[in-house]
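Here's the structure we're looking at; comments come further down.
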Amino acid sequence: MRNNCQCDNLKRNMSVVQARIHEKYKYNFEKVLEYLLKGLEHLSVFIQHLSNITGGRCQDDDTYIAKVLFPLIEKAKTEFDEMSAYAEGLLQQINSDFERCVADLKVNNDKLKEIDSDLNELEKELQGTKKAVDNANDQCRRKGEDLSAAENALSDARRKLDDAKTTQEATVAAGVSTTLVSAFLTIFVPPVGIIGMAAGLGTGIVGITALEEAVSLCSNNCSSARSEVQSSELALEKAKKAKTEVENKLESANKKKQQIKTQMEDVKSDKNRLEEYRNLMIIFGEDYKTFHRQLCDFYGKYKILRCETTGGYSLCMLQSPTKMLGASLSSLCKCVAIQALCEQPMQAVMRKHLLQIECVKWQTDDECLDIDHLI
C-alpha cells in the first residue's frame, strides 16, 4: 500500500516534470524501457512454452527446444544486459547534467551578489543625484526670484525716468518764460538774470541723468540675473540627466537581476527534475540488481543443462529458477521507477506479458516426476 502511494505521488510530480523534460531524456528512458520490454517478451514466451512442456500439456521436441526455445533465453539476456549498460550510461549523463546545474547555480548566485553590490552603489548614487536635483531646483527658484526682483527694479527705474522726462518737458515749457524774464533781468539786472536761467534748466538735467544711470544699472543687474537663471537651469538639466542615467542603470541592473533569478528558477527546476530522475534511476538500478541475481542463477543452470545434455533435455531442472525469475521480473516491472517513467501504452503491454507469466501453473516436484517419461 505504501509503495502504491509513493508511486502515485511520484507520478503526480512527474506530470509537471515531464512537461518540461528535454526530448533526449524522454528518448533515453523510452530506450531503457524498450530493452526491458523486449527481454520481457522473450522470457514470457519461453516461460509459457516451458510450463506447457514440463506440465505435460505438449510433447517436447529436442530440435525445437534447441533451435527455438533456448535462443529465447539468449535473446532475453542480451536485451537485459544492453538495458543495464544503457541505464548505467544514462545515470552518468544525468549525474553530469545535475553537476552542471549545481555549477550554474553557483555562477548565477555569484552574479546576483555582484549585482546586489552594484545596486547598493547605484542606490547611493541615485540619492546623491536626487539631492543634486533638489539643490538645483532650489537654486533655480532663488535665481528666478532674483530675476523677478531685478525686472521689477528695472521697471520701476524706467517708470521713474519716464516720469522725470515728462516732468522735464513741463519744466522746459515753464522755463521758457523764466528764461525771458531772466533775459530781461540780465539786461537790466545781470546777476539776477543769470541765476534765473540756471534755476530753470540745471535742476531737470541733473535728475534725469541720475535716473538714466539707475536704469542702466538695473538693466545690467537684470541681464546678470537672467544669465544666472539660464546657468541654474542648465545645471538643473544636467542634474536631472545624471539622475536619469543612474535610474536607467538601476533599472537595467534590476532587469538583469530578474533575468538571472528567472534563469536560476529554471536551473533549479532542471536540477530538481534531474535529481528526481537520478533517484528513480538509482531505485531502478537497485531493483534490477535483485532481478539480475535471479537471472544469473537461471542462466547458469540453463548453461549447465545445455552443456551436459545432448537431446532429451531435463527441462524440469529449469522450472524452479524460471519460476523465481518470473516473480523477480514481475517485481522489477512493477517497481516505483518503472511506474513513474513508463507511459500508459507501454505499461499496458507489460501488464499483458506479466499476466501471462503470473498465470503460469507450475508443476510440483512430484508432478514433474510423473511426467518425466514425456521428457
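The values are calculated or read from the model by the stated rules, or taken from the named source; none is laboratory data. Quick caveat: nothing in here was measured; it's all calculated off a predicted structure. Every residue, glycine as well, gets a Cβ built from its backbone with ideal geometry; the counts of neighbours run over all protein chains shown. Ligands, DNA and RNA are stripped out before the accessible areas are found, and what is left, the full protein with its side chains, is counted by its heavy atoms. Shrake-Rupley method; radii C 1.70, N 1.55, O 1.52, S 1.80 Å.
General observations
- Cα-Cα over 24 Å, subset of LYS113/LYS271; LYS130/LYS249; LYS31/LYS303; LYS289/LYS323; LYS143/LYS241: LYS31/LYS303
- Centre separation in Å (Cα based) which lies between region 202-253 and region 257-311: 82
- Computed over protein heavy atoms with a 1.4 Å probe, the accessible surface of region 29-160 works out to 53 Å² per residue.
- Solvent-accessible area of region 23-168 (1.4 angstrom probe, protein heavy atoms only): carbon and sulfur portion equals 47 percent.
- Listed residues CYS335, CYS307, CYS296 arranged by accessible area, highest first, probe 1.4 Å: CYS307, CYS296, CYS335
- Here the spin labels are modelled as points 7 Å beyond Cα on the Cα-Cβ line, and at ASN135 and ASN152 they lie 2.9 nm apart.
- Set of aspartates and glutamates near LYS238 by C-alpha distance (under 20 Å), chain-local residues within fewer than 8 positions excluded: GLU123, GLU125, ASP134, ASP138, GLU228, GLU247, GLU251
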